Amino acid sequence: MAGKQQQIDVSQLPAPQLNQLTQQLDQEIEFFSNSMNQLKLAQGKFVESQECLNKVSPDNLSKDILVPLTSSMYVPGQLSDVQNVLVDIGTGYYVEMEVSKGKQYFKRKVEYITKQMEKIQPVLQEKYRMKQATVEILQSKIQAMSLQQQGAAAKA
């Protein structure tokens, strides 16, 4: 059966295969760590957007604001609409929605990303655990081979 996984006792693997397994686990750990970092960045942006919507209120109508043109360049402006906002929903698409709907949108996004992070975290921890166990077995095999070579050299 091609889809069936089989378990292998890593302590029975030779040192070169253990080394290869360690490298593979390193790559997987790096992949999952990068995924977690990307999700944390996205989560932070959505939380920040959600918090900014709290400042869009009738009290702030016609107040002076700074409108970002780039991350380091702004122009003065006035808040003219406190009922609706344009929300970037990805891939260059913007949707006009009420402030309350925008808050709900960002809340859903934060919840979704949090769930994805909760799925990845245990996998990442398991990969770390597997790597640690593999490294320990590899070190003990290398130590045993070293002792064996010293014993053979002493007999000769």
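For the chain, take the longest principal axis of its alpha carbons; what is the angle in degrees between that and the long axis of helix 99-155, to the nearest 10 within 0 to 90? With both axes taken from Cα atoms, the answer is about 20 degrees. In angstrom, the C-alpha Rg and Dmax of the chain are 27.3, 93. Considering only alpha-carbon pairs that sit under 8 angstrom and 6 or more positions apart, the relative contact order computed for the chain is 30 percent. Mean-square fluctuations from a GNM of the chain, with a 10 angstrom spring cutoff on Cα atoms, peak among A144, A42, A133 at A144.
The local environment of V87, defined by Cβ-Cβ distances under 11 Å, has a net charge of 0 under the rule Lys, Arg +1 and Asp, Glu -1. Comparing I137, I120, I89 in a Gaussian network model of the chain, where Cα atoms under 10 Å apart are tied by springs, the biggest mean-square fluctuation is seen for I89. F46: net charge of surrounding residues, Cβ under 15 Å, Lys/Arg +1, Asp/Glu -1, itself excluded? Here the charged neighbours net out to +4. Of the trypsin sites (Lys or Arg not before Pro) found in region 1-105, the ones in coil according to DSSP and having at most 13 other Cβ atoms within 10 Å of their Cβ are K4, K55, K63.
Highest mobility in the GNM of the chain, judged by mean-square fluctuation with C-alpha springs under 10 Å and restricted to L61, L39, L21, is found for L61.
Between region 71-97 and region 22-56, the C-alpha centres lie 23 angstrom from each other.
The numbers here are math on the coordinates, done by the rules we state, and not lab data. Keep in mind it's a predicted model, so treat the numbers as computed, not measured. Please note: Cβ atoms are built from the backbone with ideal geometry, for glycine as well, and neighbour counts cover all protein chains shown.
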